[in-house]
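Below is one structure, written out as structure tokens, with a few remarks after it.
Every number here is computed from the coordinates shown, using simple stated rules; none is lab data. These figures come from a predicted structure and were not determined experimentally. Reconstructed Cβ throughout: ideal geometry from the backbone, glycine too, with neighbour counts over all protein chains shown.
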Amino acid sequence: MSGLFGGWEGPAIGLMDLDAFFASVEQLDHPEWRGKPVIVGGSPDERGVVSTASYEARPYGVHSAMPSAQAKRLCPNAIWTHGHFDRYREMSAKVMAILADETPYIDQVSIDEAFFDITPGRFSRESPISIAQRISARVAELGITCSIGLGCNKTVAKIASELDKPRGLTVVLPGTEAAFLAPLPVRAMSGIGGSAETALKRAGIHTLGALAQAPLERLRPVFGTNAEAMRLRAAGREVSSVSAVDAPDDVKSVSNERTFAHDLTERADVEAALALLGESVGRRLRRKGLAGRTVTVKLRYTYGSGHTAQRKLPHPTDDENLFVPVARELLNTIWQPGMPVRLLGVGVSDFAQEGGVQTDLFCEVDERGAMSSDRRDLAVAMDRVRERFGNASVSFGRAARFGSDIVRPDKFLNQNKPRD
């Protein structure tokens, strides 16, 4: 490297992914477990799901979102733990503080993963590669490790972070994005799940290079209106932005509302939509490390009027398996079958003070009073699959009920987001 900023020109966006995070923290806290297969997840005797497997367990075929019973058959000598979410939150906060020391532009996408912008001249005048190396070294000093991908946009950084684990640093220099992406399989890019991969292969598209060069008419049956965006991402030409980090106190509520192209009048449709919205809210709550006490349901009829209903829970939660049933009960107070629903929304608010109350992964009520169901481990596992392979990679059957009928995107409500 030579010249100003080590020769780096243009945007520099990194993706830091903590290596086998939950399992690594358990091995840090239990030195006798180091070098041994460790699985964090639900009980294999109670239809649990694997949340994280240590690198020692992975050669046996164990991976996140796998049924615990199957993982036990593959790796019978593994050490099992239900996890200690408070401890994971503590370690995550220390890692995010390291990123904050380097740049104010951070987009934390989960407890163990964050994008960060270290574009030369935007905040720092140092080489982005040097900054990434320093971040990796400082994380290692905590007793865990991370893998970092560094490139010109989020897609490149995300893919690069997956290529050299654990404790890897994969740098895609400016101008080399297309060559880096071209030979990779289409599934390497987030947002391409199993069904999209199958459809692309039927169209003769196996690599990201082929996807980048494919005519739009071949891509629209697979991606719809997102065809051009996916083609740009595959070519390494996505334009990404990372906003200044959110302060937790700025988040007043996490909500999701959708407007439907066709009015919903049947109970099954409205309740399915409510459940889908609740899934998104639950995922966002867990991503932000928040748990709330108040559940809100909002609806608007086709002729313009609408209603809102709220209920306060006895304990805070981030588990849609608990707050969606409450939302259904609230719905019954403001809606009857046959009434045309144009817009529906679900929200959770009233977050605990002093940093928030966060549920444990597998407890009904933790020591601070937050509650979760016995299905929360499945929700956490689905979060991780979606973060890695895209939102469409795993879903319940109710999602098929709507297809592309939802015309308004998800959004946060009542959140004071800082600007760049």
Query raised in the report: Most exposed first by the Cβ proxy, i.e. fewest other Cβ within 10 Å, how do 131, 192, 39 rank?
Result: 131, 192, 39
Report task. Can you tell me how much longer the chain between residue 229 and residue 43 gets when fully stretched, taken as 0.36 nm per residue apart minus their C-alpha distance, in nm with one decimal? Result -> 62.9 nm
Requested in this report: Provide the net charge surrounding residue 171, with neighbours chosen by a C-beta distance below 12 Å and charges set as Lys +1, Arg +1, Asp -1, Glu -1.
Outcome: -2
Query raised in the report: Taking neighbour Cβ counts within 10 Å as the exposure measure, how do 233, 375, 342 sort from fewest upward?
Result: 375, 342, 233
Query raised in the report: Want the number for residue 123 to residue 218: 0.36 nm per residue separation, take away the alpha-carbon distance, what's left?
Result: 30.1 nm
Query raised in the report: Between residue 259 and residue 109, what is the label-to-label distance in nm when each label sits 7 Å out along the Cα-to-Cβ direction?
Result: 2.9
Query - Pairs from 36/252; 158/298; 36/158 whose Cα-Cα separation, in the structure shown, is over 31 Å - result: 36/252; 158/298
Query - Segment residue 201-residue 9, extension gain: residue separation times 0.36 nm, minus the distance between their alpha carbons - result: 65.6 nm
